[in-house]
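The values are calculated or read from the model by the stated rules, or taken from the named source; none is laboratory data. Note that the coordinates shown come from a computational prediction; the quantities given were computed from them, not determined experimentally. Here the Cβ positions follow ideal geometry from the backbone for every residue, glycine too, while neighbour counts run over all protein chains shown.
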Amino acid sequence: MIALAPTSSIPAWFYGIFLILFFAAITHVLPFGGMVDAPVPEKMSDYIVSLLKHMILPISALLAHSIFIAIYNWRTFFLIYSSEDYVEMAKAKGLTARTVERQYILRPTLPPIVTSFAFTLVYLWQGAIILETVFAWPGLGRLLYQAINLFDVPVIVGNTVLIAYLLVTSVFLLDIVYALLDPRVKVGGERRA
Amino acid sequence: MASETLGGGTITKPRAGMRLPDTLSRLLKYVLFRGVALFVTVVIGVYLTILIANMGGYLDTIRKAQIQEEVGLAINGDPANKGLPASELRRMVEERMIIESKRLNLDQPFALRSVNYLTDALTLNLGRAEFISSDSGSRRVQAILVERMPATLLLSAWRTCFSFSPRFSSRSFCHATMGAGWIAS
């Protein structure tokens with residue numbers, strides 16, 4: 001798993017091209033792109049099956065791009081916190097491995113987890129520009145790509161403003177959440193006499 | 001204020017009645033300061049986007065050339081204008097160009113327009129798209145963005161679900177990569 005971390009340096013759309021080549025062009029088991037089959041299925045169950053079928057390749061490409069580096073990052077965080085002095089102290093006190101993991105290692109890793117999750121949420125709104133274009137997925141990323149090609153400034157600015165507001169709100173909320181999660185983070189300084 | 005001595009140093013204990021207002025005022029001050037700082041960042045970021053998207057005003061020149069070409073082709077290709085003298089055709093092209101430039105606000109200087117764009121963008125008055133339209137035929141940017149949002153959310157939400165589930169169980173990866181005794185080592 002760890003040895004596979006460098007594979008995340010390859011962008012998701014690059015994986016996407018190979019996945020399309022293998023699963024759509026050679027084996028014909030999955031569609032090339034789009035969101036649903038054409039013509040659009042009339043029955044809801046058929047529509048959902050078609051949608052899920054079209055989502056397999058783009059999601060696989062996104063996962064292939066991000067999963068290994070994510071595992072590597074979290075392993076690193078766990079290792080850093082597991083060698084802290086207070087963890088040694090907890091072990092010396094005879095606490096169970098489960099208690100040490102949950103209360104002494106997982107707790108301090110919460111701020112990075114929350115940061116990562118918050119920025120994933122922002123990314124969730126933004127969409128993947130080239131990946132959506134490769135898979136002809138009709139989302140915001142593809143819209144931005146089309147807008148840039150057409151010099152459609154109001155759409156480019158509108159998209160950017162939306163992301164900017166979401167990003168700023170996430171950062172602002174993160175500051176408050178940090179103070180709640182991590183007792184070391186304080187607003188202002190403690191007065192000392 | 002009450003104080004107690006601990007290991008030679010003195011730590012001040014604030015009175016219970018004083019603690020909450022003090023914390024609140026510090027929190028409010030921080031929220032205000034942070035809010036202003038983030039807003040300034042957004043203003044700078046959005047204005048830079050406007051400048052870059054408009055190529056620093058050079059896009060006006062490209063647009064004017066595009067309009068001239070389109071208007072010229074439309075007027076010269078119109079069978080009703082066949083046989084008109086060249087000077088008359090030129091006058092008609094110029095008239096239509098002035099109308100089109102006014103419609104797209106190209107008659108105003110870019111510096112002024114960029115500030116108007118910024119104000120509109122910050123107040124989420126996103127205006128109308130110039131070329132792209134929604135499936136329902138609307139040119140409103142808000143309608144276009146709202147129409148495209150579900151597709152992106154669907155894709156990204158699934159991806160987040162899949163990529164976050166192993167993160168929360170990364171303990172098992174640590175066990176898998178370093179053996180069951182990783183915590184005890």
Determine, yes or no, whether A:GLY16 is of a type in the set (Gly, Ala, Ser) and assigned to a loop (DSSP other than H, G, I, E, B).
no
Need pairs with beta-carbon distance below 7 Å; first residue more than 21 Å from A:LEU181 (Cβ to Cβ) and within the stretch A:78-106, second crowded, with 16+ Cβ neighbours inside 10 Å; sequence gap 6+ or separate chains.
A:LYS91/A:VAL100; A:ALA97/B:ILE183
What single numbered condition from (1) modelled with pLDDT under 90; (2) surrounded by fewer than 17 Cβ atoms within 10 Å (Cβ to Cβ); (3) in a helix (DSSP H, G or I) fails to hold for A:ILE56?
(1)
Return the residues of the stretch A:6-29 that are in contact (Cβ under 8 Å) with a residue 40 or more places away in the chain and either buried (at least 17 other Cβ atoms within 10 Å of the Cβ) or under 14 Å from A:HIS54 (Cβ atoms) (or both); say none if nothing qualifies.
A:SER8, A:ALA12, A:TRP13, A:TYR15, A:GLY16, A:LEU19, A:ILE20
Hits in the stretch A:20-52 - residues which are more than 14 Å from chain B (Cβ to nearest Cβ), part of a helix (DSSP H, G or I) and either out of contact with any helix residue (DSSP H, G or I) (no Cβ under 8 Å at 6 or more places or on another chain) or not aromatic (Phe, Trp, Tyr) (or both)
A:ILE20, A:LEU21, A:PHE22, A:ALA24, A:ALA25, A:ILE26, A:MET44, A:SER45, A:ASP46, A:VAL49
Index of the failed condition, A:PRO138 passing every other in (1) in a helix (DSSP H, G or I); (2) at the interface with chain B (Cβ under 9 Å from one of its Cβ atoms)
(1)
Considering the stretch A:142-164, residues that are in a helix (DSSP H, G or I), out of contact with any helix residue (DSSP H, G or I) (no Cβ under 7 Å at 6 or more places or on another chain) and of a type outside the set (A, V, I, L, M), and then whichever is nearest to the other protein chains (Cβ to nearest Cβ), we arrive at A:GLN146
